[in-house]
Amino acid sequence: MITPSGLAETLLWGVANGCIYILLAAGLSIIFGVMKLVNFAHGQLLMIGAYLAFTASVVLGLNAYLSILVAMGGVALIGLGVERFTFRKVLGTDKLNEIFVSLGLIYIFENAAVLLWGNKSAQIASPLHGLLSLGGISISYDRIAAMGIVIVILLSIIFLMKKTKIGLAMRATSQKSDATQLMGINIEKVYIFTFALGAALAGAAGALYGIIFPFSPALGALPTIKAFAIIILGGLGSIPGAVVGGLLYGIAENTAGYVLGGIWPDAIAFVLLIVVLVIKPTGIFGGKGD
Amino acid sequence: MQTKMLVAIIAIAIIVVAAGVGTWQLTQQPSTSPSPSPTSTPTASATSTPSPDARPIKIGLVAGYQIAEGQDMDRAAKLAVEEINAAGGVYVAAWNTKVPIELVIADTGKDTAGETVGPVTRAVTEDNVDLLIGGYTSAGTLADQVVAIENRVPYIITGASSNLVTRRGPQGNFGGLPADDARRYDDAEGMSYMFHYCTTTADYSKTVVNFFAQTMKPLLDSTYGFDASRPLRLAVIYRNDAFGNGVLADTKNLIQANNLPVEVVVERPYQTTATSFQTDLTVVKDAKPDAVYVVDFIANTAEIIREGQKDVGLNTVYIAVECCEDPQLYTLLGEYGGGVLLESKFAPYAGPPFYMQSIETYVTNYQAANAGKIPGMMGADTYDAFFIAKAAIEQAGTVDKAAVRTAIEQINIPQMLIMTQTGTVQFSTSTNYHEIAPITFVEQFTYNATLQEARPQIVYPATVPGIGTLKQADFVLPTGYQPGSP
């Protein structure tokens, strides 16, 4: 039975879930846009972020929302190492090399997580409790907080891309990397910063995910697939595309589940992806984004 | 000279007969005086030397080491082997000596159907195990048991709640599967090597629906003044796989067959990959149920119960199935565990005194060997299975697989960690497929603010024939409970 309040709630939850997807997809999109690198281990960075936030929350007694900063910093550092010691060696060679490096990283991250944190599910204890109810529509304070945090992070990214030198260098590199080098920009520094930034966004997504949902070392695979679907939907390398794609994906997924049944969300979300690609193969913002 | 020869022949005959009688007595002992205790095993004859064929008994543990339940099985198996070997091992009459158990690990990863066949094949064909113990998911076990069936290796299955693992053959009437179903297995002899030491989906649902009909409905009627003709409104939210669909089908069949005053008002399947359930729970809430039956494994079950209360405001009675009986469930539920029900058959946190005594040693030893970890249910089944294997081999007097199979069929030893309807471990003898009859019960959780976790007490059934009192507390409606439609 479909009720107006049920449908409205579903749409709202779709937006909330979409916000976490946006963060993950934006990181993937930035890395692809600037470095032209396809990182299949991006979801594992989200998983590591969730565990780092969990550890900060449990061991250091940090507020769950402050632990997001620890996750961002920690995963950014891991990103530095990954870019420096793995991807840099194969970047620009055969695309298959990059793909196999990222596939290898999936297993390394998952097994490292099992060794460090064990196999059991965990969840970050939130200081927020209860629901906000308005006119028969309810949403938890954690999801409201998640939406607010994602907006702040996205605004910061836009500021960084538009108003800072490194942002300018990243945009220049994304368009013409050879010409950028001729202009004296150290492209390796741009790459390492880009990968660390993308990883930090995955870390933030992981911390938010861990506050709202339980997670385990096997978490990364599905979010990676969703993030790829979102950036293809929105347009490869486009941050606005990641935002719109993430929201559309979250809403489609939740609405399909509510209207058609719990076994349909992924199918409908991917049908949406196929429809967009048939109509506009470059995605919604393909070729126009940052 | 002839006299000397005659004396020698008589002496040899006496020794042979004495040895034979001794062997007979020793091999018969487990069935006449059953005990899982390693200290009660027979000792080697002092008059004969051990056979040169004597070797360790190889038992393959089929467990997914990438999942928490598999790790619990591993810890329990190692504890059982350590205890058996510390007490001298397993007496094999044919070898006239006790031999240790050697554990062979068949690591099935996450125990999916695609992961189980390889490790089990290696254990059977390369390591030449004498017996297999374990198996967790139904899909994984249905796949890997084929290796054991084809190679005639006794397999004590301690997980896999689908009864197809024992009934997919002719003796189980192919589990009622249609003629073209690939899961049918037309090999009665091979299927006779399968033993199911675990609760089935029908066992789950029987306890659950009986609890609703006998305990919760009368409480709702008296509390809210409902008419006696009003059935209890039950919602079933379940993972869309063989396990979830099996529980739903058994639940509906049991309600119908027994004409129970319970109505399934909404059935809500979801993808096995789902991690968020708000939309499913919204549909459930719209159906206005009195109770919600959650059919999934630990992490999703905890998440459904949390989201139901925290995100959707569905303040109802939630009941989970026994595969969730693990310390992790209590941790994940946290404050949302208060009032939750769990159908179970092994409860390290609950149980009347007689029951706690029987598992106390196990829990203590398990914790001592594993840095204080609390054991889960899957490990308890597995631990018992090693003592069943030991008793069967001692009864068979050999490691011959057909003889061991027959010995397991005839086993009759006292219940250990898992309570049974008869108080003994006996695989069903009235049919040709082998299952036990475990006792299952319903626990209700109470939140403990100091522990920041809930702890359970048994609320149903009150007593069990031949066992005694089980119930520890009355079932109560959770704080803030909202009943379904009048």
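What does the C-alpha gyration tensor say about the overall shape of region A:1-110? Classify as rounded when a/c is under 1.5, otherwise prolate if a/b is larger than b/c, or oblate. In terms of gyration-tensor shape, oblate.
Temperature 4 °C, viscosity 1.567 mPa s: under these conditions the Stokes-Einstein estimate for region B:258-309, based on its Kirkwood radius over C-alpha pairs, is 108 µm² per second. If a spin label sat at a point 7 angstrom from the Cα of B:Thr446 along the line to its beta carbon, the backbone N atoms of region B:308-340 nearer than 14 Å would be those of B:338-340. Across region B:435-451, computed HN-Hα scalar couplings (Karplus, 6.51 cos²θ - 1.76 cosθ + 1.60, θ = phi - 60°) run 9, 9, 10, x, 8, 10, 9, 10, 9, 10, 8, 10, 6, 10, 5, 5, 7 Hz from first to last residue, x flagging Gly and Pro.
Once the Cα atoms are used to define both axes, helix B:242-257 deviates from the longest principal axis of chain B by about 70 degrees. What FRET efficiency comes out for the pair B:Glu126/B:Ala182, r = Cβ-Cβ distance, R0 = 35 Å, nearest 0.05? Efficiency computed from Cβ-Cβ geometry: 0.85.
Among beta bridges from DSSP that stay inside chain B, the antiparallel ones total about 35%.
For region B:266-280, a drop of 20 Å² or more in accessible area on going from the chain alone to the assembled protein chains (1.4 Å probe) is found at B:Arg268, B:Pro269, B:Gln271, B:Thr273, B:Thr275, B:Ser276, B:Gln278, B:Thr279.
Peptides A:63-69, B:434-440, B:289-295, B:213-219 ranked from most to least packed by the mean count of surrounding Cβ atoms within 10 Å: B:289-295, B:434-440, A:63-69, B:213-219.
Taking the Cα atoms of region B:125-223, the ratio Rg/Rh between the radius of gyration and the Kirkwood radius comes to 1.16. Phi angles of region B:155-165 translate, via the Karplus equation with coefficients 6.51, -1.76, 1.60 and θ = phi - 60°, into HN-Hα couplings of 10, 8, 8, 9, x, 6, 6, 5, 6, 4, 4 Hz per residue; Gly and Pro are given as x.
Averaged over the residues of peptide A:135-145, the number of Cβ atoms from other protein chains lying within 10 Å of each residue's Cβ is 2.
Close amide H pairs (under 5 Å, H built 1.01 Å from N) link B:Ile67 with no residue at least 5 positions away or on another chain. The phi torsions of region B:171-176, fed into the Karplus equation with coefficients 6.51, -1.76 and 1.60 and a -60° offset, translate into couplings of 5, x, 6, 6, x, x Hz, rounded to whole numbers, with Gly and Pro shown as x.
Surface composition of chain B: carbon plus sulfur atoms contribute 53% of the solvent-accessible area (1.4 Å probe, protein chains only, all chains present).
Taking amide H positions as modeled 1.01 Å from N, with prolines and chain starts lacking one, the residues under 5 Å from A:Ile284 and 5 or more places away or on another chain are A:Gly234, A:Gly235. Both the radius of gyration and Dmax for the protein assembly as shown are 29.9, 117 Å, in that order, over alpha-carbon atoms. Compared with the alpha-carbon gap, the fully stretched path from B:Asp474 to B:Asn365 is longer by 36.1 nm at 0.36 nm per residue. Burial of accessible area (probe 1.4 Å, heavy atoms of protein chains only) in region A:242-259, relative to its chain alone, reaches at least 40 Å² for A:Tyr258. Over the residues of the protein assembly as shown, the helix contribution to mean residue ellipticity at 222 nm works out to -17000 deg cm²/dmol, using -39500 (n - 2.57) for each DSSP H run of at least 4. Centre-to-centre separation between the Cα atoms of region B:204-241 and those of region B:390-436: 36 Å.
Scoring A:192-204, B:409-421 by mean Cβ neighbours within 10 Å over their residues and listing the highest first yields A:192-204, B:409-421.
Each of A:Phe215, A:Asn39, B:Ala188 was placed along the dipole of the protein assembly as shown (beta-carbon charges, centred on the mean Cα), and the one lying farthest toward the positive end is A:Asn39. The stretch between B:Glu335 and B:Ala86, if pulled fully straight at 0.36 nm per residue, gains 85.4 nm over its current Cα-Cα span.
Once the chain from A:Ile99 to A:Leu260 is taken as fully extended at 0.36 nm per residue, the excess over their C-alpha distance is 54.4 nm. Remark: region A:76-172 carries 54 Å² of accessible area per residue (probe radius 1.4 Å; ligands, DNA and RNA excluded). Between the residues B:Ser205, B:Ile84, B:Asn151, the greatest Cα displacement towards the positive end of the dipole of chain B, with unit charges on the Cβ of Lys, Arg, Asp and Glu, is found for B:Ile84. Which parts of region A:10-27, residue by residue, lose 20 Å² or more of accessible area when the rest of the protein chains are there, as against the chain isolated (1.4 Å probe)? The answer is A:Trp13. The apolar share of the surface of region A:212-253, taken as the fraction of accessible area on carbon and sulfur atoms (1.4 Å probe, ligands and nucleic acids excluded), comes to 85 percent. Between A and B, buried accessible area summed over both sides at probe 1.4 Å, in Å² to the nearest 100? The A and B chains share an interface burying roughly 2700 Å². Protein heavy-atom accessible surface, 1.4 Å probe, per residue over chain B: 37 Å². Judged by the mean number of other Cβ atoms found within 10 Å, the most tightly packed of the peptides A:214-223, A:24-33, A:144-153 leads the ranking A:24-33, A:214-223, A:144-153. Hey, what angle do you get for helix B:298-310 against the long axis of chain B, alpha-carbon based, 0 to 90 degrees rounded to 10? Orientation of helix B:298-310: about 20 degrees from the principal axis.
Using a probe radius of 1.4 angstrom, the carbon and sulfur fraction of the accessible surface of region A:1-99 is 75%. At R0 = 35 Å, how high is the FRET efficiency between B:Ser48 and B:Gln357 if r is their beta carbon distance? Nearest 0.05 is fine. That gives a FRET efficiency of 0.35. Any chance you could give the angle, 0 to 90 degrees and rounded to 10, that helix B:377-396 forms with the longest Cα principal axis of chain B? With both axes taken from Cα atoms, the answer is about 20 degrees. Chain A gives an Rg/Rh value of 0.97, both radii derived from C-alpha positions and Rh following Kirkwood. If only the Cβ of Lys and Arg carry +1 and only the Cβ of Asp and Glu carry -1, the dipole of chain B around its Cα centre is close to 760 debye. According to the square roots a ≥ b ≥ c of the eigenvalues of the Cα gyration tensor, what is the shape class of region A:103-237, taking rounded for a/c under 1.5, prolate for a/b larger than b/c otherwise, and oblate for the remainder? It comes out oblate by the Cα gyration axes. Amide H to amide H, with H built 1.01 Å from N, B:Thr420 comes under 5 Å of B:Ile439, counting only residues 5 or more places away or on other chains.
Distance between the pseudo-spin-label points of A:Ile2 and A:Ile166 (7 Å out from Cα toward the beta carbon): 4.7 nm.
Cross-link pairs exceeding 23 Å in C-alpha to C-alpha distance, out of A:Lys189/A:Lys280; B:Lys206/B:Lys345; A:Lys95/B:Lys110; B:Lys217/B:Lys288; B:Lys98/B:Lys401, comprise A:Lys189/A:Lys280; A:Lys95/B:Lys110. Once R0 is set to 22 Å, what does the formula 1/(1 + (r/R0)^6) return for the Cβ-Cβ distance between A:Lys89 and A:Leu66, expressed as a FRET efficiency to the nearest 0.05? Plugging the Cβ-Cβ distance into 1/(1 + (r/R0)^6) gives 0.05.
Helix screen, chain A: DSSP H segments with Cα axial length of 18 Å or more and mean Kyte-Doolittle hydropathy at least 1.0 are A:4-35, A:42-59, A:67-82, A:95-117, A:141-163, A:187-212, A:221-234, A:239-260, A:265-279. At a probe radius of 1.4 angstrom, the accessible area of region A:186-255 per residue rounds to 22 square angstrom. Under the shape rule built on the C-alpha gyration tensor, where the axes satisfy a ≥ b ≥ c, region B:194-299 is oblate, since a/c reaches at least 1.5 while a/b does not exceed b/c.
The values are calculated or read from the model by the stated rules, or taken from the named source; none is laboratory data. Quick caveat, the model's predicted, so the values are computed rather than measured. Quick reminder, even Gly has a Cβ in these numbers, built from the backbone with ideal geometry, and neighbours come from all protein chains shown. Calculation scope for accessible area: heavy atoms of the full protein, side chains included, ligands and nucleic acids excluded. Shrake-Rupley method; radii C 1.70, N 1.55, O 1.52, S 1.80 Å.
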